[in-house]
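Asks: The structure that follows is given in the form of structure tokens.
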Amino acid sequence: MGRWLTLLRTAPLSARVGMALITLYALTAILAPWIAPYPEAEIVGPKYLPWAGPHWLGTDALGRDVLSRLIYGARNTVGIALLTTVLAFVIGTVGGLLAATLGGWFDMVASRVVDVLMAVPSLIFALLILTITGTSVTALVLVIAVLDSTRVFRLSRAVAQGVLTMDYIEVARMRGDGLGWIIGREVLPNVTAPLIAEFGLRFCFVFLFISALSFLGLGLQPPTADWGSMVRESAKQIAFANFSSWKAASFGLAPLLPAGAIAMLTVAVNMVVDWVLHLSSGLKD
């Protein structure tokens, strides 16, 4: 615990800002039902109300409170992105470590399957599969997790192969240690740092990927609040932006709210990932 506190105290300003923003997003997602003024799908007034109380960010094309949908969007978009990233890492890390440790036919077959999946553009592949299977949350999570696990597989396999050449791995094998012990106690602890950094980057890619699918209409489906679909629903309002009055300005700026939420979280995660990469590299300022 003391070591982690020391690291946090010595973290650069950018990492601290990133961690603060990530904490804010996490609290918003967890506490969404208690801090949102209205339910995410409830019609609470006329459409396109300006930014004023009690609807501080106005209402959308159906008369739903935009602030409430932004708050619930944090729970839906970020929560599903986190679940997808965790699943992708479980699949990719287990597969990559097994391929590096076992080698032989398993490594060859797994690597060729990954090569095939990576040869097809992810967005096109996801659109094809989701068009066939439907756009349920389960299908969305599984499709993106499998596609993203290929990148994790390549990284975990590469770093594990470097560790497996070390002398202590040979000693463990000579002692008769099993496959599970070698992977869990010898290999995994020595590849944790790059995998943690990659987790942050993968989360950003998955988060943006889900938002892109929602923008195209194949992500989270209405009436579920989702930042990508919120951008799609309000994108046409930018063409009518007029700063002659506050009401007209708020109407035109509405699409920038979910887009700004997406961009801010992406930047925050990348600031923390940069710091983690710096720590794992062993470089000193």
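The values are calculated or read from the model by the stated rules, or taken from the named source; none is laboratory data. Since the structure is predicted, the reported quantities are computational estimates derived from the model, not experimental observations. Accessible surface areas use protein heavy atoms only, side chains included; no ligands, DNA or RNA. Shrake-Rupley method; radii C 1.70, N 1.55, O 1.52, S 1.80 Å.
Asks: Quote the relative contact order of region 84-145 in percent (integer), defining contacts as alpha-carbon pairs under 8 Å separated by 6+ residues.
Replies: Value for region 84-145: 46 percent.
Asks: Which value in Å is the Kirkwood Rh of region 82-132 over different Cα pairs?
Replies: 12.4 Å
Asks: I'd like the Kirkwood hydrodynamic radius of region 110-267, using the inverse of the mean 1/r over distinct C-alpha pairs, in Å.
Replies: Working: mean 1/r = 0.0530 Å⁻¹.
So the Kirkwood estimate lands at 18.9 Å.
Asks: For region 188-195, just list the computed ³J(HN,Hα) in residue order, Karplus coefficients 6.51, -1.76 and 1.60, θ = phi - 60°, integers in Hz, with x standing in for Gly and Pro.
Replies: Using θ = phi - 60°, the values come out as 4, x, 8, 10, 5, 4, x, 5 Hz.
Asks: How large is the direction-averaged shadow of the alpha-carbon convex hull of the chain, in nm²?
Replies: 19.0 nm²
Asks: Roughly how many percent of the accessible protein surface of the chain is carbon and sulfur, given a 1.4 Å probe and a whole-percent answer?
Replies: The nonpolar share, carbon plus sulfur, comes to 72 percent.
Asks: Along each of its three principal axes, how wide is the spread of alpha-carbon positions in region 59-185, in whole angstrom units, largest first?
Replies: 69, 28, 19
Asks: With the other protein chains left in place, how much accessible area per residue, in square angstrom, belongs to the chain at a 1.4 angstrom probe? Display every interim value, and only then the final one.
Replies: Values: 14800 Å² over 285 residues.
The answer is 52 Å² per residue.
Asks: For every helix of n ≥ 4 consecutive DSSP H residues, a contribution of -39,500 (n - 2.57) applies; sum these over the chain, divide by its total residues, and give [θ] at 222 nm rounded to the nearest 500 deg cm²/dmol.
Replies: Details: 13 runs with 192 residues, N = 285.
So the calculated ellipticity at 222 nm is -22000 deg cm²/dmol.
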